[in-house]
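Take a look at the structure set out below.
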Amino acid sequence: MLTRRHLIATAVAAPAILRLGTGTAQAATTLKISHQFPGGTIDKGDFRDRLCRMFAAEIAKRSNGDIAAEIYPNSSLIKTNAQFSAMRKGALDISLYPMPYAGGELPETNIGLMPGLVTTYDQGLRWKKEPVGKALTDFLADKGIILLTWVWQAGGVASRSKPIVAPEDAKGLKVRGGSREMDMVLQTAGASVLSVPSNEIYAAMQTGACDAGITSSTSLISFRLEEVAKSLTSGAGASYWFMLEPLMMSKAIFDKLPKNHQDILLAVGTELEAFGRKGAQDDDVEVAKVYEKAGAKVSALDAATVGKWRDIARDTAWKDYSAKTATAANLLKLATDVAA
């Protein structure tokens with residue numbers, strides 16, 4: 001089992017680029033890991049970047065340098081929305097990627113941010129071992145994607161003006177929701193919507209193109225939205241917004257690796273899921289402190305309010321999603337079988 005001390009010690013040395021075979025130097029397999037989030041170190045910064053660095057350090061150690069990895073934060077290697085397609089084509093090895101960003105290409109992936117569907121971390125993380133997890137994993141594998149680490153994140157709302165807590169609070173505002181389905185719920189509530197990745201919310205709010213942004217607690221912190229917000233709705237106690245942001249890999253690249261290397265990648269990915277959950281939940285608490293310090297008004301959600309959002313979602317987004325494809329309908333049915 002990975003421990004923090006173990007991972008930090010592993011990361012002291014840079015990933016090996018060469019390995020020694022039977023008397024000759026042979027090139028290691030070097031994997032490129034891309035994500036849209038701010039870069040840091042293995043011990044500090046956005047936990048999603050840290051997870052990628054821990055992953056890179058541990059696979060290098062367990063393979064004795066036969067596998068190395070390079071981290072490219074801030075979408076510095078490939079633009080945010082293009083990363084999923086690049087993995088499917090074998091042009092990018094690995095990304096920690098918000099699954100619903102792929103919804104334009106594969107609408108089924110929007111199950112990863114279906115408003116009101118997942119309402120607790122326990123519920124979301126149970127997916128992996130439930131029929132919905134197998135169905136989603138099989139679907140993605142068929143489309144060229146391997147899931148390495150399941151990461152769920154609760155979300156909240158940063159607003160330039162009044163708090164957005166209940167659905168009626170969104171009326172007349174321009175809001176970034178994060179997925180087609182979340183946008184449908186917002187529009188039903190009377191808002192207009194803006195579709196941008198989370199790393200572009202700051203600029204949109206700063207210019208007034210967007211009045212409020214819904215995103216994960218970690219992104220609410222990492223992208224410094226407290227600088228352009230006067231209100232925060234926290235998802236720490238309850239939330240209708242849970243996004244699946246897994247560490248995923250190109251199946252074309254994965255399939256080329258020897259079995260022992262595949263086993264290392266899958267094992268390390270699974271072991272990091274506990275770190276991902278803790279990182280997300282820690283930020284659910286920390287975000288309120290950050291916004292209060294910046295002078296923002298902090299509001300909380302409760303089960304009754306989450307129920308209002310879910311009721312709208314069931315009548316709009318859930319029905320729309322289920323009608324997309326037979327696979328989507330099956331995924332939604334299986335997901336609703338996983339109790340909160």
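Worth pointing out:
- For segment 219-244, the residues whose amide N sits under 12 Å from a probe point set 7 Å from the Cα of A303 along the beta carbon direction are 238.
- Each DSSP beta bridge with both residues in segment 29-337 is either parallel or antiparallel, and the antiparallel ones are about 55%.
- Taking packing as the residue-averaged number of other Cβ atoms within 10 angstrom, the listed peptides 157-167, 213-223, 96-106 run from highest to lowest as 213-223, 96-106, 157-167.
- Segment 235-315: relative contact order as a whole-number percent, Cα under 8 Å and 6+ apart: 60 percent
- The D315 and K162 beta-carbon pair, evaluated with R₀ = 25 Å, returns a calculated FRET efficiency of approximately 0.50.
- Phi to ³J(HN,Hα) by Karplus 6.51 cos²θ - 1.76 cosθ + 1.60 over segment 61-73, Hz, x for Gly, Pro: 5, 5, 9, 6, x, 5, 10, 10, 9, 10, 9, 10, x
- Helical runs (DSSP H, four residues minimum) scored at -39500 (n - 2.57) apiece and divided by the length of the chain put the mean residue ellipticity at 222 nm at -11500 deg cm²/dmol.
- Heavy-atom surface of the chain, accessible at 1.4 Å and reported per residue (Å²): 40 Å²
- Set K61/K143; K171/K230; K230/K289 screened for pairs whose C-alpha atoms are more than 21 Å apart: K61/K143
- Take the Cα of Q206, step 7 Å toward its Cβ, do the same at T336, and the gap between the two points is 4.3 nm.
- The chain: most fluctuating residue of N74, N64, N260 per GNM, C-alpha cutoff 10 Å: N260
- Atom-type composition of the exposed protein surface of the chain places 52 percent of the accessible area on carbon and sulfur (1.4 angstrom probe).
- Across the chain, the mean sequence separation of Cα contacts (distance under 8 Å, 6 or more residues apart), normalised by length, yields a relative contact order of 23 percent.
- Three-way shape call for segment 237-340 based on the alpha-carbon gyration tensor, with the a/c threshold at 1.5: oblate
- The orientation-averaged projection of the convex hull spanning the C-alpha atoms of segment 108-258 amounts to 9.6 square nanometres.
- If a spin label sat at a point 7 angstrom from the Cα of A323 along the line to its beta carbon, the backbone N atoms of segment 185-219 nearer than 16 Å would be those of 185, 188.
The values are calculated or read from the model by the stated rules, or taken from the named source; none is laboratory data. The structure presented is a predicted model; accordingly, all values stated were derived computationally and were not measured. All Cβ positions, glycine included, derive from the backbone under ideal geometry; neighbour counts span all protein chains shown. When the accessible area is computed, the model is the full protein with side chains, heavy atoms only, and any ligands, DNA or RNA have been set aside. Shrake-Rupley method; radii C 1.70, N 1.55, O 1.52, S 1.80 Å.
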